[in-house]
Amino acid sequence: MKINNKSFLYITGSLLAIATTLTSCNNDEADLPDTSGQKALITATQTSYTVAEGDTIMMEFQVDKAINTVMDFEFVLNENSTVNFDDITVGDGAQLGDFGNPNTSYLYTVPEFSESFMVPVIANRDLTVGEGDEVISLNMSATGRRTGLTKDGGINIDITVTDEITDEFVVRLDWSAIYLDEDGAEHDFCDFDLDLEIYDSAGATVADSYSSCPEMISINPGDLADGQYEIVASFYTGNGASMPVNFDSIPASVTLAKRGVSNNVVDLSGIWTAFDEGLDPNADGVIDNPQYYETVANLEISGSTYTVTNPETGEVIFQGRGE
Ligand SMILES: [Ca+2]
Ligand SMILES: [Ca+2]
Ligand SMILES: [Ca+2]
Ligand SMILES: [Ca+2]
């Protein structure tokens, strides 16, 4: 852009004026309107959204006037929704018990002086097959401090979740469950350390998951060379965990899935019955009991085709083929 001297002077003058205004705002907070005790009215121009599973969308809301207090809102998952409460995460997460029902609604707190705000909705990934589109129906209304209000009946928001279908092969080892110790106290089996590994035909570890609950391994086409593999779950140690009194074994299972296309669950309950044992009972890093490795399945990879077979019978228990 070509600037002649005259307009340059004009722009400089304007910038000076803006700078002076900003400075006076900063130095004199009394210029801010006193909004103590006032309530803001919230509206939404957009009430319909689409999100792909695994992605996050931001719901947008407008505020009629900025007030000097935070505003709390709840988002109730309406009954006509086809997702479960745990399938999505909205705002700051589950509603506080003091404000409402933490099993059916989510909470979001808006900072003071907001003139608009955005509330995230995360559509969690899953290994379910053939879900198609899912529907999230939310009702937003004031909660908690009730300084931000909506029209009577709240604001209804509808979100369509599109299913995630990929060529990814996923192995997930689950063992979370609540158990009781001898004093009647509740614990989660996640306190026990289980692991998931994939070995190649030479016995080398080519993929692993060691520090989560569930443990999960995801393989995309090209990640592993064509060939034969072994999927192995193990009970590493119960060291540090309270011993269960109302279970006979660790309630473990392995889900083998082509994401969104097909899946199969291998039940491992009944296998690990000695809770104080495992590969390394004293957790000193030296494996004492190799019998705590369990071959879940054999895996053959050929391009984007995954063939999973029962390690004892050779029977095909799962086959996922790329499109
Ligand atoms: Ca889903
Ligand atoms: Ca899905
Ligand atoms: Ca582990
Ligand atoms: Ca040991």
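Residue by residue, here is whether (1) within 16 Å of ligand 4 (Cβ to nearest atom); (2) closer than 21 Å to A225 by Cβ; (3) in contact (Cβ under 8 Å) with a residue 24 or more places away in the chain holds:
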position: S253; (1), (2), (3): no, no, yes
position: A274; (1), (2), (3): yes, no, no
position: P281; (1), (2), (3): yes, no, yes
position: S302; (1), (2), (3): no, yes, yes
Quiz item: Of these, D188, D195, D133, which one is under 30 Å from V308 (Cβ atoms), in contact with a strand residue (DSSP E or B) (Cβ under 9 Å, 6 or more places away or on another chain) and surrounded by 14 or more Cβ atoms within 10 Å (Cβ to Cβ)?
Solution: D195
Practice problem: Scan the range 190-212 for residues that are within 16 Å of S242 (Cβ to Cβ) and within 20 Å of the chain's Cα centre (by Cα) and report the count. | Solution: 1
Self-check item: Among (1) under 29 Å from G320 (Cα atoms); (2) crowded, with 20+ Cβ neighbours inside 10 Å; (3) among the hydroxyl-bearing types (S, T, Y), the one test that Y106 misses
Solution: (1)
Quiz item: Taking strands (runs of 3 or more DSSP E) that do not extend beyond the range 190-277, which have at least 1 residues that are within 16 Å of ligand 2 (Cβ to nearest atom)?
Solution: 215-219, 253-258, 262-267
Exercise. Could you tell me which residue of the range 109-140 is farthest from ligand 2 (Cβ to nearest atom), considering only residues that are modelled with pLDDT of 95 or more and among the hydroxyl-bearing types (S, T, Y)?
Key: S114
Quiz item: Taking the stated definitions as given, is M140 more than 24 Å from R172 (Cβ to Cβ), of a type outside the set (G, A, S) and surrounded by fewer than 20 Cβ atoms within 10 Å (Cβ to Cβ)?
Solution: no
Quiz item: For the range 141-187, which strands (runs of 3 or more DSSP E) that fit wholly inside it have 1 or more residues that are modelled with pLDDT of 95 or more, of a type in the set (D, E, K, R) and within 28 Å of V110 (Cβ to Cβ)?
Solution: 155-162
Quiz item: When the range 45-80 is examined, which residues are found to be in a strand (DSSP E or B) and within 20 Å of the chain's Cα centre (by Cα)?
Solution: Y49, T50, V51, A52, T56, I57, M58, M59, E74, F75, V76, L77
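The values are calculated or read from the model by the stated rules, or taken from the named source; none is laboratory data. Just so it is clear, the model here is predicted, and its values are computed rather than measured. Every residue, glycine among them, receives a Cβ derived from its backbone with ideal geometry; neighbour counts consider all protein chains shown.
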